[in-house]
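The values are calculated or read from the model by the stated rules, or taken from the named source; none is laboratory data. From a predicted model like this one, the values you see are computed outputs, not experimental measurements. Cβ placement follows ideal geometry from the backbone for every residue including glycine, while neighbour counts extend to all protein chains displayed.
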Amino acid sequence: MAAPSGGVCFFRTTSANGSAWSRSLMFSVKMAACVARRLGPRLAKIASMSRTFHCSTVDQSGGAWRVKHGFPINPSHYGPLTDLPDWSFADGRPAPPMKNHLRRKERNENLARRVAMISAEMDHGMEKWKAKQNERKQQAEEKRRNRLQPKGSSQEQDPK
């Protein structure tokens, strides 16, 4: 990306792997950098004057609807189109797992292992906390029983 002195930005829209998504993302990032460089100090003034100006990331198209209906924001994260094989043999045998499927499966297994480990740690911590609370109650009860007892007629009253 180069910005000549005339204020015009030139973009190279092809990436090494050449995917359309990465090209459009790279184009958007480069264009935003070019616009930010051109506007410079005026951005703060525009932002303070206009309540509709924001610099957040663009939402995934239909992402709010997907979340509302229990689907992932990105349809490629999980679901039958992502998790099931793309093809099978004509005689019914399943296709060998694809590279990305194996990667997702390993990531999910690691996540499940981590959740189980953290859950076990939480259970252990709760047990220790309950044991500590019981020990404190027993110590308080022991202190109450070992207090000096009043003498005389007040001895007939119930101790607190």
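Quick check: is even one residue across segment 93-108 surrounded by fewer than 11 Cβ atoms within 10 Å (Cβ to Cβ), part of a loop (DSSP other than H, G, I, E, B) and either free of Cβ contacts under 8 Å to residues at least 60 places away in the same chain or among the acidic types (Asp, Glu) (or both)?
The answer is yes; a qualifying residue exists.
Since residue 153 meets every condition but one in (1) part of a loop (DSSP other than H, G, I, E, B); (2) surrounded by fewer than 10 Cβ atoms within 10 Å (Cβ to Cβ), which condition does it not meet?
Unmet for residue 153, out of (1) part of a loop (DSSP other than H, G, I, E, B); (2) surrounded by fewer than 10 Cβ atoms within 10 Å (Cβ to Cβ): (1).
Looking at segment 44-67, is at least one residue at pLDDT 80 or above, of a type outside the set (Gly, Ala, Ser) and touching a strand residue (DSSP E or B) at 6+ places or on another chain (Cβ under 7 Å)? Let's see the steps before the verdict.
Just the residues of segment 44-67 that are at pLDDT 80 or above, to begin with: 64-67.
Those still in the list that are of a type outside the set (Gly, Ala, Ser) too: 65-67.
Remaining after also requiring touching a strand residue (DSSP E or B) at 6+ places or on another chain (Cβ under 7 Å): none.
No, segment 44-67 has no match at all.
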